Amino acid sequence: MSEQLTIAMPKGRIFDEAAELLRQAGYRLPDAFDDSRKLIVEAPEANMKFFLAKPTDVPTYVEHGVADIGVAGKDVMLEDERDVYEVLDLNISACYLAVASLPGQTPSTIAPKVASKYPKTAAKYFKEQGEQVEVIKLNGSIELAPLVGLADRIVDIVSTGGTLRENGLVETEEVVHITSRLIVNPVSYRVKDEAIEEMVERLASVVEGDAE
Amino acid sequence: MTEPFMFEKPLGMRDTLPVLYETKREATNSMQQMMERWGYYPIETPALEYYDTVGDSSAILDQQLFKLLDQQGHTLVLRPDMTAPIARVASSSLKDQPLPLRLSYCANLFRAQQHEGGRPAEFEQLGVELVGDPTASADAEVIALMAESLKAAGLTDFKLAIGHIGYVNALLADIVGKEERAAQLRRYLYEKNFVGFKQHVKTLPVSSVDRDRLLRLLKLRGGIETLDEARTIVNNGRAAEALDNLQALYDALEAYDLTDYITFDLNLVMHMDYYTGVVFEGYGSTLGFPLSSGGRYDELLEKFDRPAQATGFGIRVDRLVEALGATKAKPEETLILFSSERRKEALTEAAKLRGRGEVVVLQDVAGAADLDGLTAAYQHVLSYIGQTQGEGARDE
């Protein structure tokens, strides 16, 4: 019997897709698993323990080693730069980061401002474009910023574009494509190598079978 | 700016209180003793060094350095590691000493503050450097000493991962040729971003066979069979040299009886360009961060004008103590309370017990305000108070 793996799962929309992947990979997960009010769920048959965390916190739990493995969006990985192994693209929760603004809006010539939930990623993107902007960090409802004049552009997650349209915003540039990733703590990656390798292989065959 | 509260310390700094201090001291003492028995004598170097010499040649990223200016306007750094200072000493004060040189250290190192717990800005590190021996025997010796030191500190459940940057470089050079392209792939490995590595490999203008060879690098880990597997991917000049080197290292570690602790991990890239050969990291099963790391750095001493191949390791004492778990139990202590007229008797008794190696605290009753609180903290209390002659009863 290999060692027990602790897995940090994101609460919310990514959770169901990730759980489905694990089931397809042949892991028997308990029924209590889908009751999202429980924070910690044991899965003795799969020799795993799951806990549910806010998606942006998953890499933190994994980096500090309280979870061996986690499922995290690439958006969070880019913004946080945690020291973890990013071993597999799970190809779920696909979306992308994009720049958006009101139609016809040109950036302010005095101080072009960009609002985002991902200030580091946004700043890095504009730096790479050779453009000087001031980035303002917001925690949610980013679309509001150009409507009320806090910023002339935003950098935000787009999955269908519906939210942008509803608020009369148009997407101007795609920044980066985002999917969820399987991440592994560097120590667990070595100390529990067999169990982790097996999980990665099983998930890879599900994911890559789907993709190609 | 708001004034700090009186209990505040600069970000990332820690206090070490007596119980933890004892635990740390016991661990470092047993490890240092081990290092000395292997002929690695400790040296001390200053906490401050010039940025242009030590700061610049250190393996630590520039943004992680604490920098300050001296009165002449030179940029100084608080030493971020001990390898560069030891290279400086080995090339100057010890330049007439014959190689190989075996040196050890136990020092506080400084890495710039991070806004999160679990990452101290100052921590103690213990390690050795073996300067002037290019052989696999030297690498085996430092790896074995690292393992023996961890064991001496009381850690039994640990693992060592061993890689070789020469193999990674040879494989990348063989397939993608240009150094810039290799550097890009190496960066993905350094960032532990296998997804990025795979995606990048797909965009390279190389044959599907070569693409597969690159992807197989990600799976090159495990026991000694990993080396045979690695040979099937690339086995020319420098790659073969690196693999022969690892085979020799394995044979030597077998002689040290350490093969149970090690796994090969040929995609281990711990730094972009500092290490030149074997690299390794040590992990405890109870802590999410590596406990120790090291490797061969054959180009560093050249920067100090004494070209010499060298290898070494460092153990993070803060992390080791966390991995060991329990802090050391306080030893039994005896409190002797005395009044000044019976001081002599009390001192004699204290000297007798201390002579047996016991811990004895002497306290003049006139100096202790809360006697009940004080005596409650000790396992044994003896009293030499008042005019009555005779031995104080040891209250067991």
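Things to note:
- Subset of region B:149-193 [among the aromatic types (Phe, Trp, Tyr), part of a helix (DSSP H, G or I), within 14 Å of chain A (Cβ to nearest Cβ) and touching a residue at least 60 places away in the same chain (Cβ under 8 Å)]: B:Tyr190
- Listed by position, the strands (runs of 3 or more DSSP E) contained in region A:116-203 that have at least 3 residues being open to solvent by less than 40 Å² (accessible area, probe 1.4 Å), on the phi > 0 side of the Ramachandran plot and free of Cβ contacts under 8 Å to residues at least 12 places away in the same chain form an empty set.
- Of all the residues in region B:61-110, those that are free of Cβ contacts under 8 Å to residues at least 60 places away in the same chain, open to solvent by 30 Å² or more (accessible area, probe 1.4 Å) and hydrophobic (A, V, I, L, M, F, W, C) number 6.
- Region B:272-301, residues that are within 14 Å of another protein chain (Cβ to nearest Cβ), in contact (Cβ under 8 Å) with a residue 40 or more places away in the chain and either within 11 Å of the chain's Cα centre (by Cα) or open to solvent by less than 10 Å² (accessible area, probe 1.4 Å) (or both): B:Val279, B:Phe280, B:Glu281, B:Gly282, B:Tyr283, B:Gly284, B:Leu291, B:Ser292
- Filter result for B:Asn193 (over 29 Å from B:Val321 (Cα atoms) and touching a strand residue (DSSP E or B) at 6+ places or on another chain (Cβ under 8 Å)): yes
- If you check B:Met6, B:Met31, B:Met35, B:Met13 for being more than 17 Å from the chain's Cα centre (by Cα) and in contact (Cβ under 8 Å) with a residue 40 or more places away in the chain, only one passes: B:Met13.
- Boolean, B:Phe280 is over 17 Å from B:Ala138 (Cα atoms) and either modelled with pLDDT of 95 or more or acidic (Asp, Glu) (or both): no
- In region B:302-324, the residue that is least open to solvent (accessible area, probe 1.4 Å) out of those that are out of contact with any Phe, Trp or Tyr (no Cβ under 9 Å at 6 or more places or on another chain) and within 15 Å of B:Val89 (Cα to Cα) is B:Ala308.
- Note on region B:25-87: enclosed strands (runs of 3 or more DSSP E) holding 2 or more residues that are touching a Phe, Trp or Tyr at 6+ places or on another chain (Cβ under 7 Å) are B:75-78.
- Residue check for B:Gln199: within 14 Å of another protein chain (Cβ to nearest Cβ), open to solvent by 20 Å² or more (accessible area, probe 1.4 Å) and assigned to a helix (DSSP H, G or I): yes
- Any hit, region A:88-104, residues being touching a residue at least 60 places away in the same chain (Cβ under 8 Å), within 14 Å of chain B (Cβ to nearest Cβ), part of a strand (DSSP E or B) and surrounded by 19 or more Cβ atoms within 10 Å (Cβ to Cβ): yes
- Selection within region A:69-87 - within 9 Å of chain B (Cβ to nearest Cβ) and either surrounded by fewer than 18 Cβ atoms within 10 Å (Cβ to Cβ) or more than 20 Å from A:Lys117 (Cα to Cα) (or both): A:Glu81, A:Asp83, A:Val84, A:Tyr85, A:Glu86, A:Val87
- Being away from chain A (no Cβ under 14 Å), at pLDDT 95 or above and either open to solvent by less than 50 Å² (accessible area, probe 1.4 Å) or farther than 29 Å from B:Leu94 by Cα (or both) is true of B:Ala255.
- The residues in region B:165-182 that are under 22 Å from B:Glu281 (Cβ atoms) and among the hydrophobic types (A, V, I, L, M, F, W, C) can be counted, and the count is 5.
- Only one entry of B:Glu124, B:Glu129, B:Glu116 meets the criterion of being within 14 Å of the chain's Cα centre (by Cα), on the phi < 0 side of the Ramachandran plot and open to solvent by 30 Å² or more (accessible area, probe 1.4 Å), and that entry is B:Glu124.
The values are calculated or read from the model by the stated rules, or taken from the named source; none is laboratory data. The structure displayed is predicted, hence computed values, not measured ones. Glycine also receives a Cβ, built like all others from the backbone with ideal geometry; neighbour counts cover every protein chain displayed. The accessibility values were calculated without ligands, DNA or RNA, using every heavy atom of the protein model including side chains. Shrake-Rupley method; radii C 1.70, N 1.55, O 1.52, S 1.80 Å.
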